[in-house]
Amino acid sequence: MDSSLNDEKKKRDDENGEYLITYISHLEKRIHNLETERELLDAERLRLERELNTLKNEVEGLKQPPLLTATVTDIIEDKRQRVIVKTSNGPSYLVHASKKILDSDLIPGSEVALNQHTYAIMSILPMNLEPFVKGMEISENIPNVSYEDIGGLEEQIQEVRELVELPLKNPDIFKKIGITPPRGILFHGPPGTGKTLLAKAVAHETNTTYIRVIGSELVQKFIGEGARYVREIFNLARQKAPAILLIDELDAIGAERMADSTSGDREVQRTLMQLLSELDGFSERGDVKFIGATNRVDILDSALLRPGRFDRIIEFPIPNEQARQEIFKIHIHNLNIKDDVLIDKLVNLTNNSTGADIKAICTEAGMFAIRRNSEIIEQKDFLNGINKVLNSTKFNKACADIFT
Ligand SMILES: Nc1ncnc2c1ncn2[C@@H]1O[C@H](COP(=O)(O)OP(=O)(O)OP(=O)(O)O)[C@@H](O)[C@H]1O
Ligand SMILES: [Mg+2]
């Protein structure tokens, strides 16, 4: 009896034991599952925390007042390191820079963002070449002007060919002889005498990139940034080499420095200094040529005219009789004219006129013919054209005299 009882007890214990083992393993599995679940939740929590942070930052950012943009025009080297900035809407301010900004990053010409209330510099904006480059006329091999389209400037063409074409086409000859090829040329002469025209023609004939920048735009459009702009143009020319870089209206940045200089003058001077330094360190390889053009060589800063800056100074005079004849021929070439048109007569009537005047006369003559409902231009149309163009230039000159 006892033994059967014992047997039964043992059996029950065994069963309990088994049950417990299964139960424990079940619990272990649950623990494992719960742990995995906790890990997942932890990961989720981390993700949400991160998202929360981003959103908080965004809210902070949205709550911030807008920053003003400005350009650094000068840095005052004293203990407090103050900076003069020019805001995009006009006025200049003397401001401090945030501690986060390294002094070395602040240079005249940098674009910066200002706090709206204190005008302190909060950050420096990345330099961007694009918007500057947009303001220029750049063309690769495009100016569709050849030497044949230029009348009465044989000597000038000859000289430019020697100075520009030869070094571009045959740089080795300069190396062999041991001289540095000429780098810069200055064109000067009254308006409309073909300076820009010849620069374009050289670019065309030498198959080079032609970059034209206008001096007055440099100082007006890019107030406070002229110096940086000059640097970028020269960089661009180097990138696009072989290239011809023409700075038209050079007098706008290269005029003699006056004693009583205003802040605007100082800006112009900085631009000029940058130009001078670019000219000095300029392409030894001779594959970038610099041409400056001006009709006020008399007011140019003597630093610009110092030997070594411009290797040659070429004058573009008002065309004489023979030159005017050639220019008329060039511009009449494509026109439909009657045989009664006598070029010699036109030449005689246009004393002191420039190439640009002659071109305008031809266009006006065409307009007079159109007004007459004619398809052919007659001598009288030219006479009317001369009358109109020359009287209007006289009128313009008179106006200029009154206002200066
Ligand atoms: N020697 C010339 N032969 C033929 N055309 C000419 C000549 N000179 C000027 N022209 C005509 O006049 C236009 C204006 O000339 P251009 O732009 O070269 O003058 P510029 O000397 O650069 O004047 P500015 O000093 O005002 O810039 C030319 O596009 C061309 O049509
Ligand atoms: Mg010109």
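Readers should treat all values here as calculations from the given coordinates under stated rules, not as data from a laboratory. Only a predicted model underlies this, so the values are computations on that prediction, with no experimental measurement involved. Please note: Cβ atoms are built from the backbone with ideal geometry, for glycine as well, and neighbour counts cover all protein chains shown.
What is the helix-to-structure angle for 2-63, meaning the angle in degrees between its Cα long axis and the longest Cα principal axis of the chain, kept from 0 to 90 and rounded to the nearest 10? Result, in degrees: 20.
Overall, the range 47-86 carries a charge dipole of about 80 debye about its Cα centre when +1 sits on the Cβ of Lys and Arg and -1 on the Cβ of Asp and Glu, all other atoms neutral. Note on the chain: helix-only mean residue ellipticity at 222 nm, from DSSP H runs of 4+ residues weighted -39500 (n - 2.57) and normalised by residue number, equals -16500 deg cm²/dmol. For the range 158-218, take the alpha-carbon Rg, divide it by the Kirkwood Rh, and send me Rg/Rh. Reported Rg/Rh, Kirkwood definition of Rh: 1.02.
Once the GluC sites (Glu not before Pro) in DSSP loops with at most 16 neighbouring Cβ atoms within 10 Å are cut out of the chain, the longest remaining piece is 78-255.
If you fit an axis through the alpha-carbon atoms of helix 263-280 and take the longest principal axis of the Cα set of the chain, what angle between them do you get, 0 to 90°, nearest 10? Approximately 90 degrees, to the nearest 10. For the listed residue pairs Lys195/Lys240; Lys195/Lys289; Lys195/Lys345, the alpha carbons are over 19 angstrom apart in Lys195/Lys240; Lys195/Lys345. Summing +1 for each Lys or Arg and -1 for each Asp or Glu among the other residues whose beta-carbon sits under 12 angstrom from that of Glu249 gives 0. Sorting the segments 299-312, 181-194 by their mean number of nearby beta carbons within 10 angstrom, highest to lowest, gives 181-194, 299-312. Which one, Phe382, Ala237, Val59, is farthest towards the positive end of the dipole of the chain when Lys and Arg carry +1 and Asp and Glu -1 on their Cβ? Farthest towards the positive pole: Phe382. At full extension, Ile299 and Arg312 could sit 2.9 nm farther apart than now, given 0.36 nm per residue minus the alpha carbon distance.
Listed by chain and number, the aspartates and glutamates whose alpha-carbon sits under 20 Å from that of Lys100, ignoring those within fewer than 8 places in the same chain, are Glu60, Asp74, Glu77, Asp78, Glu111.
With a 10 Å radius around each residue's Cβ, average the other Cβ atoms per peptide and rank 289-295, 103-109, 347-353, highest first.
Going by the mean number of other Cβ atoms within 10 Å, highest first, we get 289-295, 347-353, 103-109.
Think of each Lys and Arg Cβ as +1 and each Asp and Glu Cβ as -1; about the Cα centre, that makes the dipole of the chain roughly 960 debye. Of the chymotrypsin sites (Phe, Trp or Tyr not before Pro) found in the range 1-108, no site is in coil according to DSSP while having at most 12 other Cβ atoms within 10 Å of its Cβ. Each of Leu168, Thr350, Ala323 was placed along the dipole of the chain (beta-carbon charges, centred on the mean Cα), and the one lying farthest toward the positive end is Thr350. The calculated pair-distance distribution of the chain uses every alpha carbon pair, bins of 10 angstrom beginning at 0, and gives 4, 16, 19, 17, 13, 8, 6, 4, 3, 3, 3, 2, 2, 1, 0, 0 percent. For the chain, DSSP calls about 50 percent of its internal beta bridges antiparallel.
Pick out, from His188, Asn336, Ile21, the residue whose Cα sits farthest towards the positive end of the charge dipole of the chain, with +1 on the Cβ of Lys and Arg and -1 on the Cβ of Asp and Glu. Comparing the listed Cα positions along the dipole, His188 ranks first.
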